[in-house]
Structures are given as structure tokens and as C-alpha cells.
Amino acid sequence: MSNDQSLTTKVLKLVNSAYYAIPGGVSSLSRAIAYIGFDTVNQLVLSASILSALETKEPNDFKLADFWKHCIGVALGAETIAKYVRHPTPSEVFTCGLVHDMGKVATLIISPELFLEVVHHAETKKISYLEAEKELDHPRHAQIGFVLSEKWNLPAEIQSCIKYHHQADSQLRGGLTPQVNQLVDLVFLSNLLTHALKFGNSGHSKVSGAPKEVMKRLGMDPEKDLKPLLLKIRSAHEQANDFLRVLGG
């Protein structure tokens, strides 16, 4: 990283952001990493890499900054839920959340007209982006993202989170292991709650409730745990704003 001025600058911007509020500020990379930790640095570098790999021209009537705000919100939300349920590696869940919707960006790159048709249909009918895809009989973004993740040779668990992030029924996820099913549940729930908190925009404004069976599979009580969990995710989203400012979004 010391040989990459752009990434070094991003790390220093993040560590000196209002979220960390470090007295006197930080001017060296080694001190910055000591303050925010390797996991956070990894997340920042990964986010910058994904945004760069999926960079495309922004259409006139859809803000890509809001889309990436949603994706980073889902990533931090999934990590927050993972910590809440004591998942062994919460930071790894961040990656699964970050790329869950990359099929939408792939669609935008390949066919902006098709992408915007789905977005406009979802807005007009007050339905989700997925429901709009189905009504218009267009290719599903989860499948497009899955195919792209295979082409990029992403780990199998990340591929599964991309492919099944809208599938609440674990029996319909192609026989995943309990460990991978839990990752999918974390991303699935974070996606719904990020929409509920209206953080960013991934192509629709419909809000759906959190399925009780998903929360129970994750070891939570839907009646007792939902409110405190939402507060923790909202707090994590404050960090997402700093991420986006650092990344230039």
C-alpha cells in the first residue's frame, strides 16, 4: 500500500474522518492501520477495487452513488448482524454484502435501457426491482451476478450469497452447507433492513418486513432483537457515509 498513493490517501482520509474523531489526526499509514485495524483497511481497499472494476457511465435518471451507498450499507449491515449473532468471522461477511447486487451493475453496463426499464417499472408499480424483473420477464440480476462471480472465480460462498440473496427458503438454495446458508441469511436480512432504513437506492423503494424464520435461523428472537439490531445497523451506516466520501461517491 505504501507504493500506491491513491489507496494510502483513502486510508488516511478514512482514519481522519469524523467517524473516528482521533485527536490531532493521523498522518502515517502504519499509525492509521494501528487505529482502524487491518479488517477495515481490507474493506476499504476491497470497496475501491470493486467500484473500479464495475465503473460505468451514470445514466441521467439514476444515481450510482446512491446504489453504492446501498451496497456498502448492506455490507456493513451484514457485518453488524454477524457480530450480533456471534458469527466467527464478521469481517468476511462484509465482502458478501458488498457484491450482492453486482448483477444490477453488470446489467447497467451491458444494457442501460433494460436496467432503467426495470427501475422505472418498479417505481411506477411500487414493487421491488426483483418483482419488476419478473413482471417484465427480464433476466434476473441475481443470476447475472452469479455468472459474473463465476467468471471472476470468486469464492463459492460469495457466489452463493449473490445467487440466493433474495431466497428466504433455505431449502430452495441448492443444498448449501449450514455455514454458507448462514452467510446467505446474513446478507438477505441486511439487504431487507438496509432498504427499511432507506439507506441508498438499489433500484426500488419498496420496504419488506424481516422474515421471522430467517431471524430465528440466525438465533434471534424477532420480537426482542429487531429493534436493537436496527439501531446497531443505523450506527454502522454512519461509517458507510464516511466510506463513500473517501471513495469519492
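Longer than 18 Å from Cα to Cα, which of Lys126/Lys198; Lys206/Lys227; Lys69/Lys212; Lys83/Lys232; Lys13/Lys83; Lys63/Lys198 are they? Say none if no pair is.
Values: Lys126/Lys198 15 Å; Lys206/Lys227 20 Å; Lys69/Lys212 26 Å; Lys83/Lys232 10 Å; Lys13/Lys83 26 Å; Lys63/Lys198 15 Å.
Result: Lys206/Lys227; Lys69/Lys212; Lys13/Lys83 exceed 18 Å.
FRET efficiency for the pair Gln171 and Asp66, taken as 1/(1 + (r/R0)^6) with r the Cβ-Cβ distance and R0 = 41 Å, rounds to 0.75.
Report the longest stretch of the chain that contains none of the trypsin sites (Lys or Arg not before Pro) sitting in a DSSP loop with at most 11 other Cβ atoms within 10 Å. Could the numbers behind the result be given before it?
On the way: sites that count: Lys57, Arg86, Lys126, Lys198.
Result, exposed sites excluded: 127-197.
Loop-located GluC sites (Glu not before Pro) across the range 1-109 with a Cβ neighbour count of 15 or fewer within 10 Å are Glu55, with loop assigned by DSSP. The angle separating the long axis of helix 29-53 from the principal Cα axis of greatest extent in the chain is about 40 degrees. Cβ-Cβ distance of Glu55 and Asp221, R₀ of 41 Å, FRET efficiency by 1/(1 + (r/R0)^6): the value works out to about 0.45.
Suppose the chain between Ser91 and Ala196 were pulled fully straight at 0.36 nm per residue; how much longer would it get relative to their current alpha carbon spacing?
Working: separation 105, 0.36 × 105 = 37.80 nm, distance 2.27 nm.
Computed gain between Ser91 and Ala196 is 35.5 nm.
Think of it this way: in the chain, Cys71 stand alone, with no other Cys Cβ under 4.7 Å.
Only the coordinates and a few stated rules stand behind these numbers; no lab work does. Here the structure is a predicted model, which means the values were calculated and not measured. A quick note on method: Cβ atoms are made from the backbone with ideal geometry, for glycine too, and the neighbour counts reach across all protein chains shown.
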